[in-house]
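The values are calculated or read from the model by the stated rules, or taken from the named source; none is laboratory data. Because the structure is a prediction, the values reported are computed rather than measured. Counting neighbours? That spans all protein chains shown, and the Cβs are built from the backbone with ideal geometry, glycine included.
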Amino acid sequence: MEWVESGGGPLIAIPEVVLPFWSGADGDDMSSDYDRACDVEGFIGLVPVGDTRALVLGDEPASTTFLPRHGTFVRWCAADSEAELLAGVPAALDAAVWEPEVRWDVPGPVLLFDAAWPGRVSERTDHLRVALEPGRYGVRAAYVEPGPETWLGLVQLRRLTG
C-alpha cells in the first residue's frame, strides 16, 4: 500500500486539472491556500480551487491511503501493523457512525498530498493519485476503533446518480 503523510497539517485531494492553482503555504496573500485548508474544522471539508473544489482531510495528520474496493480513504491513527489496520477496515465500515455528508463534484482523477505543498510540485512530494471518474460524490467521514489498539479514520466516497 502507498501511504501519504503530512508534515503536521491537513492532507488535500485536489483534482489534477486544477493543481497549478493550489499555492499551498506559498503566496503573497494575507491567507494562503494552506491556511484555508487548516481552517476546515472536523474530519472533512471542501475548499475552492480554480473552478472546482478540493477535499480537505482534516482533524489530525494521520498517514492515509485509498482503498478503491471500498471507495474509502483510510487514515492510520493507531495500529501495530499495516496488516492489522487493513484487517479492521471491513468491521470499521460496518460500525462507523458517519458525520454529515458533503457533496463533491469531481472533474476526474485527484492527487492526495500535504496541503502545505504547491500543486505544481505535488508530484515530487509524498502523494497518491486516485483515479476517480468524473461526477458528483457524497463524501462522509467517521472515526472508528475496531479493536482495542486499532483506531482509524474513514473518508468514504459514494458516486451519486442523477
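Worth a mention:
- Within the range 131-148, being of a type in the set (A, V, I, L, M, F, W, C), buried (at least 19 other Cβ atoms within 10 Å of the Cβ) and in contact with a Phe, Trp or Tyr (Cβ under 6 Å, 6 or more places away or on another chain) holds for VAL139, ALA141.
- Looking only at the range 124-146, and only at residues there that are part of a strand (DSSP E or B) and among the β-branched types (Val, Ile, Thr), the one that is farthest from PRO10 (Cα to Cα): VAL144
- Evaluation of TYR34 against the conditions (1) buried (at least 18 other Cβ atoms within 10 Å of the Cβ); (2) in contact with a strand residue (DSSP E or B) (Cβ under 7 Å, 6 or more places away or on another chain); (3) aromatic (Phe, Trp, Tyr) shows that the sole unmet condition is (2).
- Yes/no for VAL121 being of a type in the set (Val, Ile, Thr), modelled with pLDDT under 95 and part of a strand (DSSP E or B): no
- Under the condition of being part of a loop (DSSP other than H, G, I, E, B) and either of a type in the set (A, V, I, L, M, F, W, C) or buried (at least 17 other Cβ atoms within 10 Å of the Cβ) (or both), the residues counted in the range 38-70 number 6.
- Members of the range 149-158 that are surrounded by fewer than 18 Cβ atoms within 10 Å (Cβ to Cβ) and farther than 12 Å from VAL102 by Cα: GLU149
- Among residues of the range 22-37, those that are farther than 18 Å from LEU128 by Cβ, outside any helix (DSSP H, G or I) and touching a Phe, Trp or Tyr at 6+ places or on another chain (Cβ under 9 Å), counted: 4
- Lone qualifier among LEU111, LEU19 - being assigned to a strand (DSSP E or B) and either buried (at least 17 other Cβ atoms within 10 Å of the Cβ) or free of Cβ contacts under 8 Å to residues at least 12 places away in the same chain (or both): LEU111
- A count restricted to the range 38-85 and to residues that are touching a Ser or Thr at 6+ places or on another chain (Cβ under 9 Å) and aliphatic (A, V, I, L, M) stands at 6.
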